[in-house]
Amino acid sequence: MTTTETSTRMAWVAQLEAVRDQRDQRAFGEIFQYFAPRVKSFLMKSGAPADVAEECVQEVMATLWNKAQLFDPAKASVSTWIFTIARNKRIDLIRKQRRPEPEDLPWGPESDPEQEDALALQQETEQLGRALQALPEKQRKLIERAYFGELSHSEIAAETGLPLGTIKSRIRLALERLRHNMK
Amino acid sequence: MKKTMSNINHHLTDALLMGYSAGTLPEAFSLVVATHVSLCDECRARLAALDAVGGEVMLDCGQEAVSADCLAATLAMIADGKGREDAPKARRKGALPAPLQDYVGGDLDAIRWRKVGGGVRQMVLRTAGDASVRLLHIPAGQAVPDHGHRGTELTLVLQGAFRDETDRFGVGDVEVADEDLNHKPIAEAGADCICLAATDAPLRFNAFVPRMAQRFIGI
């Protein structure tokens, strides 16, 4: 187990922004090299056979390229964002179900992006990662099993032991600012 | 209906939000979650935090080598224009949140109501999996037949309000009821109540006649 430092997370942000703004294939290759084997492992741990997982990885990474303009580092870290794409592909390609999604907010990258907001969010995500690793083994395994799709909602514990309040408050603030700007 | 609500008192549970974040909820429950989150920034932020947990689990779950041509195949896929199909759901005009409009096939005026009895009307929405979801229209001041639950039942208020033994539920509020709750929701006087209700087991009405009716109407 290793913790992913904020500096590494900010480097991913820069790579994804290069994909988003310059359609930079080299930056895309770097993201691919790091994340593709992890997405594949995640899908296989979720029950997908290796060949299906590999096909799904390609779809996930193609979606990352195509939807890069929706990425906002003040809203999500790169790992969070890739997870949501992988999760949706798992539902679509492997479980073959529809997934109703909430109404999208007109986030998008702001015209005047706040670098410090992006940095703060990456820091919160790093701290969340550390908190997850610091959980007692049994509790951490339960959370992993929930995300690998092994637990139903009624089997998921009401109390995860994770300090979600800080990252939630950060995102809540960003939402309030967005709502304010929309008026 | 306002597009987001700041006066929501009844929210989704962590277990439901985590199930939605993990992508394991039945489709019917996911529709209730997606509709509530469309109205509730508090739950939207909680969901984003849980998505971040998912990202950390993925980062830390090991690596499986991809084949040598995986990147090239992905770039070819991009060049072919694949993977562009799913555009985000923008805010839409109308009273119903966008995810619900997808299932209804339009806004409030597109709902095809069917009589259930006692003045109550419903529209069952088509979803895959074991759970089911329907829109319910309850006339102001009217009770929904007394029923208990075998599984979990989610009821999200879209218009009007209802009360039961536990509390009052207004627009945007979601009631999460498990099998212990044997409740009798009553629509408040004033406006008719429209709810989105999902259950992972057939409801069990406590009176004989509604139980007979239950077989015909599929509640």
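The values are calculated or read from the model by the stated rules, or taken from the named source; none is laboratory data. The model shown is predicted, which means the values in this text are computed figures rather than measured ones. Positions of Cβ are backbone-derived with ideal geometry, glycine not excepted, and every protein chain shown enters the neighbour counts. Protein only, heavy atoms only, side chains kept; ligands, DNA and RNA dropped before computing areas. Shrake-Rupley method; radii C 1.70, N 1.55, O 1.52, S 1.80 Å.
Residues in segment A:161-178 that are part of a loop (DSSP other than H, G, I, E, B) and facing chain B (nearest Cβ under 7 Å) were compared, and the one that is surrounded by the fewest Cβ atoms within 10 Å (Cβ to Cβ) is A:LEU164. Which of the residues that make up segment B:171-203 are of a type in the set (Gly, Ala, Ser) and surrounded by fewer than 19 Cβ atoms within 10 Å (Cβ to Cβ)? Correct list: B:ALA189, B:GLY190, B:ALA191, B:ALA201. Among the residues of segment A:60-98, just one is more than 8 Å from chain B (Cβ to nearest Cβ), surrounded by fewer than 17 Cβ atoms within 10 Å (Cβ to Cβ) and within 27 Å of A:ARG179 (Cα to Cα), namely A:GLN69.
Residues in segment A:21-49 that are closer than 14 Å to B:GLY62 by Cα and either open to solvent by less than 50 Å² (accessible area, probe 1.4 Å) or facing another protein chain (nearest Cβ under 7 Å) (or both): how many? Counting residues in segment A:21-49 that are closer than 14 Å to B:GLY62 by Cα and either open to solvent by less than 50 Å² (accessible area, probe 1.4 Å) or facing another protein chain (nearest Cβ under 7 Å) (or both) gives 12. Checked against (1) modelled with pLDDT of 95 or more; (2) more than 7 Å from chain A (Cβ to nearest Cβ), B:SER6 passes all but a single condition, namely (1). Please go through segment B:39-77 and give me each residue that is open to solvent by less than 10 Å² (accessible area, probe 1.4 Å) and out of contact with any Ser or Thr (no Cβ under 8 Å at 6 or more places or on another chain), ordered by number. B:CYS43, B:ALA49, B:VAL57, B:CYS70, B:THR74, listed by residue number.
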